[in-house]
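Some notes on the structure that comes next.
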Amino acid sequence: MFSVEELFRKEITSLKPYKPIFPFEVLAERLGRPPEEIVKLDANENPYGPSPKVLEALAHYPYYYTYPDPQATRLREALSGYVGVPMEHIFVGNGADEIITLVSRLFLNPSDAIVILPPTFGMYEFNAALQGARVISVPRPLDTFSVDVGAVVEAVENTSPTPKLLFLVTPNNPDGGISPPEVVERLLELPLVVVVDEAYNEFSGEPSFARRVLERENLVVVRTFSKWAGLAGLRLGYGIFPEVMTQVLWRMKEPYNVNAAAMAAGLAALEDVNYARRMISAIVAERDRLFDELGRIPGLHPFPSRANFILCHVTGMEAHRLRDTLVAEGIVIRYYDEPDLEDYIRVTVGRPEQNDRLLSALWRALG
Ligand SMILES: Cc1ncc(COP(=O)(O)O)c(C=O)c1O
C-alpha cells in the first residue's frame, strides 16, 4: 500500500506551515470582549468600510441566482475611466492576490526565478514556491527601505537563467515608502517583466504607473479595492496589462473568478469615488498624527509612510511580547520576528478613537 502523501507535489509539501489569522468574532470570543471593542490594526484594512451606496447596491442587486459576467465588462469599463487605460488592458481578479497568482502561473516554470525586494509583501514568494521557482532577494536597507537599483541590476545579470519577474510594491508593504519613477524606469530596462504592486497607491497621492503599461510590454500594474474602497472582504482586485498578456490571462483564468457581489460593489464604489476620497483624506490625516504620536513613545521608532499603515522598530521590548500585550487589550497589530525584520511592528491607521486606544496601550507598555 502506498501513502497518498508520496503523491503530493514536493513544491507543496515544502511550503511553510500556514499561520492562521483570527477573524474578529473568533478573537472577540477568545478575549471575552464584544467584537465592536476589538481594534483590528493588523491587515491594512480601511476602518470606514465601503460607501453606503455600495451597501445599497449589494442589497438591491437582482441577479445573484445567475452566474456573473466572466469578463466583468461593466466593471472594466468603469475601471477604464478610473485608471485612464482602455478596458482591453484591464483584467479583474478575486483580489490582487489572484492577479499575482495568475501572473506567477503564466510565467514561472520550476527552473525559473523571480526577484523580490524584501522586506515586502509575502504573496510573491509564496506563489514562486507553489510554482517551484527560485526567489532572488535584493534586500532594502532597514533605514531608508529604498530600492538598491544597482544591486538589482547586478543580481539580474548574475542569475542564470535570467529571472522572469520582478515584484516592486509602491508604497511598499511593510514600510510605506514609495519608489520614484526613475527607479521603475531603470528596472523596466532589465530583460524581465516588472510587476508594480500599487495596492496602497490611493493613500500616497502619487500618480499611478497604469498608463505607462500602454508603452511598455514588460510592465504590469496590480491594484485592489481592498484598501481604498474598504472592500477587503469581498475580494476584488485588478491588473493593468499589456494586451498580449490579457489575451492569455483570459484563457487561463477560472470562468467565474469574480463573484457578482464583488462586481456590483466595485461598480458602486467607482460611482461614489468621492466618498472614498473623503475617507482616504481622513486616514491620511490620521496617519500623519499617528506618526508624530508614535515618535514620542520611548522604545518605538516609526518610519514615515505614504500608505495606510506605519512600520515601527521596537527597541523597548521584544516585538512579539508587545504584540501579546496589545492583544490582551483587544488591539491587534502585525509584528515581525524574521531575520530580515526582527522586532518590528506594523500598525494600520484606524479611526481616531482606535488610534487613541493604540497609543494609550503603547504608552502603558513602553512609557
Ligand atoms: C502589497 C499588497 N499587494 C496585494 C495585497 C492583496 O490585496 P487583495 O486584498 O486585493 O488580495 C496586499 C494585501 O495586504 C498587499 O499588501
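The values are calculated or read from the model by the stated rules, or taken from the named source; none is laboratory data. Predicted model only: the values in this text are computed from it and were never measured. No Cβ is skipped: glycine too gets one built from the backbone with ideal geometry, and neighbour counts run over all protein chains shown.
The test for being in contact (Cβ under 8 Å) with a residue 12 or more places away in the chain, under 21 Å from the mean Cα position of the chain (by Cα), assigned by TED's automatic domain parsing to the domain that holds Thr348 and surrounded by fewer than 23 Cβ atoms within 10 Å (Cβ to Cβ) holds for Ile280.
Scanning the stretch 335-367 for residues that are of a type outside the set (S, T, N, Q), outside any loop (DSSP other than H, G, I, E, B) and in contact with a Phe, Trp or Tyr (Cβ under 8 Å, 6 or more places away or on another chain) yields a total of 8. For the criterion of being under 30 Å from Gln354 (Cα atoms), in a helix (DSSP H, G or I) and away from the ligand (no atom under 16 Å from the Cβ), Met245 fails.
Is it fair to say Ala199 is of a type in the set (A, V, I, L, M), in a loop (DSSP other than H, G, I, E, B) and within 8 Å of the ligand (Cβ to nearest atom)? Yes: the conditions hold for Ala199. Would you check if Val85 is away from the ligand (no atom under 15 Å from the Cβ), surrounded by fewer than 23 Cβ atoms within 10 Å (Cβ to Cβ) and β-branched (Val, Ile, Thr)? So Val85 fits the description; yes. In the stretch 243-271, the residue that is surrounded by the fewest Cβ atoms within 10 Å (Cβ to Cβ) out of those that are out of contact with any strand residue (DSSP E or B) (no Cβ under 8 Å at 6 or more places or on another chain) and β-branched (Val, Ile, Thr) is Val244. Where the second residue is assigned to a strand (DSSP E or B) and away from the ligand (no atom under 13 Å from the Cβ) and the first is on the phi > 0 side of the Ramachandran plot and lies in the stretch 159-182, which pairs have Cβ atoms under 7 Å and are six or more apart or on separate chains? Partner pairs satisfying both residue conditions: Gly176/Ile310.
Selection within the stretch 322-334: residues that are touching a strand residue (DSSP E or B) at 6+ places or on another chain (Cβ under 8 Å) and part of a helix (DSSP H, G or I). The member of this set that is surrounded by the fewest Cβ atoms within 10 Å (Cβ to Cβ) is Arg323. For the stretch 62-81, the criterion of a residue being within 16 Å of the ligand (Cβ to nearest atom), surrounded by fewer than 17 Cβ atoms within 10 Å (Cβ to Cβ) and either under 24 Å from the mean Cα position of the chain (by Cα) or under 27 Å from Phe121 (Cβ atoms) (or both) is satisfied by no position.
Here the stretch 202-218 is the region considered, the condition is being surrounded by fewer than 22 Cβ atoms within 10 Å (Cβ to Cβ), closer than 23 Å to Arg105 by Cα and of a type outside the set (S, T, N, Q), and the residue that is nearest to the ligand (Cβ to nearest atom) is Arg216. Can Ser14 be described as more than 16 Å from the ligand (Cβ to nearest atom), buried (at least 21 other Cβ atoms within 10 Å of the Cβ) and not charged (D, E, K, R)? When the stated conditions are applied, Ser14 does not pass them. If you go through the stretch 204-250 and keep only what is of a type outside the set (Phe, Trp, Tyr), without any contact (Cβ under 8 Å) to a residue 60 or more places away in the chain and farther than 26 Å from Ala264 by Cβ, you end up with Pro207, Arg212, Glu215, Arg216, Glu217, Asn218, Leu219, Val244, Gln247.
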